[in-house]
Amino acid sequence: MRSFSLVRFSVDHPRLVLFLTAALTILFLLPLPRIRTDTNPKNMLPSTSAVRVTNAEVERTFGLYEDVIVVGIRNDAGLLNTATLDRIREVTEAILAIPGVAAEDVTAFSSVTNVTSERGTIVIGPLMAKTPRTPEELASFRQALRSNRLLADRMVSRDGKIAAIYVPLEPGANGKAVADRIRAIVGRERGSERYYVAGDPVARDTFGVEMFRLMGLFSPIAGAIMFLAVYRMFRSLALAATMMAVATVAIVMSLGSLVALGLPIHIMSSMAPVFLMAIATDSIHIFNEYSFRRGEVADRRTAILSTMEAVGRPVRGTALATAAGFSVLLLMNIVPVRIFGGLVAFGTILLRVLSFSFIPAVLMLLPEGAMRSKARPADGAAAGDGPAARALRGVAAAGVRRPRVFLAVAGVLAVLAGVGASRIVVNNNVVDWFRSSSDLWQADHVLNAALGGTSVAYIEATSETPEFFKTPEGLHALDVLQRRLERLPVVGRTFSLADYMRRIQRVLHDDDPAWETLPSDPETIGQYVFILAGAARASDLDAVVDPSLEHANVIVQLRTWDASAMRQVLDALKEVQAAAPPGLTFTPAGTAYFNLVWNDEVLGDMIRGFSLALVVVFVLLVVNFRSLRWAIVGYVPLLLTVLVIYGVIGWVGKEFDMPIAVLSCLSLGMAVDFPIHFIARFQRRLGERSPGGPPERGEIAEALLWVVARPGRGILRNAVLFAAAFSVMLFAPLTPYVTVGAFIVAMMLTSALLTLALLPALIVALRGRLPRPGAP
């Protein structure tokens, strides 16, 4: 066997193996200084994807910006006073000077277009050309804000306590960097106002930076936890150091290969070190078995070879299953997901090669007394004493005596978990990736509650009729769409060419609210558009209609970043489209729409990947056990583990979001490890103890209790180590990290407990139908 030959070579030439490992590690270290990162979630989809192409076309047609930061100013005593308005002006002017800000299109009190009339003449200019000083000027300013639908709920809240500054970013600008500069500016203000900084570019770029920072922090902490746990288990610094060395070498080689191929480290790929560190804990089965063999066999070389012969097959099997679970991601459409899957799959294979080379070489060179032996008799269920072993044997013995009770309990658990899983709601919200105590989360929720919303979508209306949006029918179509969308609770406000036409119509009729209607003839509409084009900022008109008047844009502000909010908008859009004039089509675009498509693409990919992983893992079990029936037995605790985890997610009301979607694929490859180890060691033990004829129930019981007490200890240790490595994520400020940590901890512990408790009962119940394993 190739792997066994590698073990023999490593045992016979341990120093050479360590030298070659060190040399290769240094070689893979060389590309790392060229490492590149990509934190933009938009790159989760290829640049040729339909949504990115559509968004680019809409932004180009209407001169829109891809990224906009919203700065909120709050004064609970009311901000429409001279002192606060002066500070808002100062903050605005400071923001204009920040590199990366598209200064000419910043929308604030001092720059937003206001349409008024003076002595029968229309006047279009900035809302606040100068700060109002007198009571009369302040009263006029308040009236202008309250009466103008273009400004209410957009620039200022209804109660006059919160105002907004909209800060568009130039292409390539980093949202977090600009947001940090804005926070520094408002931090110098000494008034009674509070400031909020929100928006998609802030959340997106802050998340990317924080994620890489946390990985740099959590990876060594997880490593330290693993080191201490291994030392606690085996009282051996050498074994603890060996485990860490194996994990470190695999991480360096995997990342070095990625960089050498010219690929960037995406947000998902940044989690690879913690995953590989946790997967490295499978080597605990080697340490666990060797600790027994060293007490049973006098010759060290023989002890190592017999250890690797005993655990080699399940270690190989689990490595193949784990790598396959991650490799399924290579078939996904999302590029960063494919990179992440390939990276971890490659690292998993490296870990197993090191298990059959580096670890035996280290064991061969360990000085005597470097680890405490677990000397026990080689025979009998007594292998492995102590409280843990006795507790494990007690559970297994109960399953052997009353298998139907255990299987009935498992059935009830499956039903409850299935009901819980059916309650899962699919949704994604990038702002909710931050804890509710974070400044960004609070800023977003405050501004969404007071203003139109920080999440923006665009609806492009396109007509085959020349200058269609110069006609009353065109404006009416926009108005119908706006009124339908504004009935949705998730929509804060909408804005289009129709709103400008209403405003001009009103001010030309002595600001009479009764005249806030749509013009009734094309000539009037044409005159209004001409007036607006000549007097307002070019970007104001460009944002809602193109020069041909055949393309119009409805700007939709949403009060939440939930993907489900944009889905409601699309459902309403379908209703309007069905009743629209012939030749008029509506096309969604914008950040909110991209987030929905990205959400659905990734979730769809993960569901397809999960389904494929179910098949691949089962096929691997059949190949590993060379038996369909044994594969089914090993599949039961795996499926029950996954069902229980998702059942709990449904019962507690946690939404099925991006992190959980990604974990759905990975969970199969990791949760299958324990059934493989259990069944492989059971088959070997039973083949040794009962080499001829059908095994008696007593022989089966003895083999099961032995497996639970001896290899079962390795399974439990592996689960505890794996969980310990990921538990550090529970304290992260980013909720996806908390989700990943909680999911992996729960999955590994549940898988280990179900394997040790359920498999003995299942094997006894099906003993007459399972193929008899032969002697090794």
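The values are calculated or read from the model by the stated rules, or taken from the named source; none is laboratory data. Everything quoted here is computed from the prediction, not taken from an experiment. Ideal geometry is used to build each Cβ from the backbone, glycine not excepted, and the neighbour counts take in all protein chains shown. With ligands, DNA and RNA removed, areas are computed over all heavy atoms of the protein, side chains included. Shrake-Rupley method; radii C 1.70, N 1.55, O 1.52, S 1.80 Å.
Of the helices (runs of 4 or more DSSP H) entirely within region 605-722, those holding at least 2 residues that are closer than 22 Å to Thr735 by Cα and modelled with pLDDT under 85 occupy 658-671.
The residues of region 640-652 that are open to solvent by 10 Å² or more (accessible area, probe 1.4 Å) and either in contact (Cβ under 8 Å) with a residue 12 or more places away in the chain or of a type in the set (Ser, Thr, Tyr) (or both), listed by number, are Leu640, Val642, Leu643, Val644, Ile645, Tyr646, Val648, Ile649, Trp651.
Does Gly342 count as assigned to a helix (DSSP H, G or I), at pLDDT 90 or above and over 19 Å from Met244 (Cβ atoms)? So Gly342 passes the test. When the helices (runs of 4 or more DSSP H) confined to region 223-339 are screened for residues that are open to solvent by 10 Å² or more (accessible area, probe 1.4 Å), modelled with pLDDT of 90 or more and within 30 Å of Gly604 (Cα to Cα), those reaching at least 1 such residues are found at 237-260. Of the set (1) under 30 Å from Asp562 (Cα atoms); (2) at pLDDT below 90; (3) in a helix (DSSP H, G or I); (4) touching a helix residue (DSSP H, G or I) at 6+ places or on another chain (Cβ under 6 Å), all apply to Gly420 but (2).
The C-beta contact set for region 503-521 (first residue in contact (Cβ under 8 Å) with a residue 12 or more places away in the chain, second residue of a type in the set (D, E, K, R) and part of a helix (DSSP H, G or I), distance under 7 angstrom, 6+ apart or interchain) comprises Pro513/Arg506; Glu516/Arg502; Glu516/Arg506; Thr517/Arg502; Leu518/Asp479; Leu518/Arg502. Ala310 - would you say it is touching a Gly at 6+ places or on another chain (Cβ under 8 Å), touching a residue at least 24 places away in the same chain (Cβ under 8 Å) and hydrophobic (A, V, I, L, M, F, W, C)? Judged against the criteria, Ala310 is not a match. Is it the case that region 19-40 has a residue that's closer than 30 Å to Met308 by Cβ, open to solvent by less than 40 Å² (accessible area, probe 1.4 Å) and of a type in the set (S, T, N, Q)? Yes, region 19-40 contains at least one residue that is closer than 30 Å to Met308 by Cβ, open to solvent by less than 40 Å² (accessible area, probe 1.4 Å) and of a type in the set (S, T, N, Q). Does region 618-634 contain any residue that is touching a residue at least 40 places away in the same chain (Cβ under 8 Å), buried (at least 16 other Cβ atoms within 10 Å of the Cβ) and over 30 Å from Gly317 (Cα atoms)? No. Restricting region 423-437 to residues that are open to solvent by 30 Å² or more (accessible area, probe 1.4 Å) and in contact with a helix residue (DSSP H, G or I) (Cβ under 9 Å, 6 or more places away or on another chain) leaves a set whose member that is modelled with the lowest pLDDT is Val426. The number of residues in region 176-219 that are open to solvent by 30 Å² or more (accessible area, probe 1.4 Å), part of a helix (DSSP H, G or I), modelled with pLDDT under 85 and not aromatic (Phe, Trp, Tyr) comes to 5. Conditions: (1) out of contact with any helix residue (DSSP H, G or I) (no Cβ under 6 Å at 6 or more places or on another chain); (2) open to solvent by 30 Å² or more (accessible area, probe 1.4 Å); (3) touching a residue at least 12 places away in the same chain (Cβ under 8 Å). Arg60 meets all but one. Number of the miss? Here Arg60 clears every test but (3). Of all the listed residues (Leu447, Leu485), the sole one being over 30 Å from Asn75 (Cα atoms) and part of a helix (DSSP H, G or I) is Leu485. Free of Cβ contacts under 8 Å to residues at least 60 places away in the same chain, open to solvent by 10 Å² or more (accessible area, probe 1.4 Å) and not small (Gly, Ala, Ser) - does that describe any residue in region 653-674? There is no residue in region 653-674 that is free of Cβ contacts under 8 Å to residues at least 60 places away in the same chain, open to solvent by 10 Å² or more (accessible area, probe 1.4 Å) and not small (Gly, Ala, Ser).
Scanning region 488-510 for residues that are in a loop (DSSP other than H, G, I, E, B) and in contact with a strand residue (DSSP E or B) (Cβ under 7 Å, 6 or more places away or on another chain) yields Val490, Ser496, Leu508. Can you find a residue in region 530-537 that is of a type in the set (Phe, Trp, Tyr) and either under 25 Å from Asn448 (Cβ atoms) or at pLDDT 90 or above (or both)? No: region 530-537 contains no residue that is of a type in the set (Phe, Trp, Tyr) and either under 25 Å from Asn448 (Cβ atoms) or at pLDDT 90 or above (or both). Being among the aliphatic types (A, V, I, L, M), open to solvent by 10 Å² or more (accessible area, probe 1.4 Å) and over 22 Å from Phe625 (Cα atoms) is not true of Val740. The listed residues are Ala578, Ala592, and the only one of them that is in contact (Cβ under 8 Å) with a residue 40 or more places away in the chain and either open to solvent by 10 Å² or more (accessible area, probe 1.4 Å) or under 25 Å from Val337 (Cβ atoms) (or both) turns out to be Ala592.
Residue count for region 91-137 under the criterion of being surrounded by 12 or more Cβ atoms within 10 Å (Cβ to Cβ) and assigned to a strand (DSSP E or B): the result is 12. Report whether or not Leu730 is closer than 27 Å to Tyr646 by Cα, among the aliphatic types (A, V, I, L, M), open to solvent by 10 Å² or more (accessible area, probe 1.4 Å) and at pLDDT 85 or above. For Leu730, the condition - closer than 27 Å to Tyr646 by Cα, among the aliphatic types (A, V, I, L, M), open to solvent by 10 Å² or more (accessible area, probe 1.4 Å) and at pLDDT 85 or above - is met. Tell me, yes or no, whether region 702-716 has at least one residue that is open to solvent by less than 30 Å² (accessible area, probe 1.4 Å), under 20 Å from Gly669 (Cβ atoms) and aromatic (Phe, Trp, Tyr). Checking region 702-716: not a single residue is open to solvent by less than 30 Å² (accessible area, probe 1.4 Å), under 20 Å from Gly669 (Cβ atoms) and aromatic (Phe, Trp, Tyr).
Considering only residues that are among the acidic types (Asp, Glu) and over 33 Å from the mean Cα position of the chain (by Cα), look in region 455-504 and name the one that is most open to solvent (accessible area, probe 1.4 Å). Only one residue tops the list, namely Glu464. Just one of the numbered conditions (1) in contact with a Leu (Cβ under 7 Å, 6 or more places away or on another chain); (2) open to solvent by 10 Å² or more (accessible area, probe 1.4 Å); (3) at pLDDT 90 or above is not true of Glu601: (3). Scanning region 557-574 turns up at least one residue that is at pLDDT 95 or above, surrounded by fewer than 24 Cβ atoms within 10 Å (Cβ to Cβ) and over 27 Å from Gly199 (Cα atoms).
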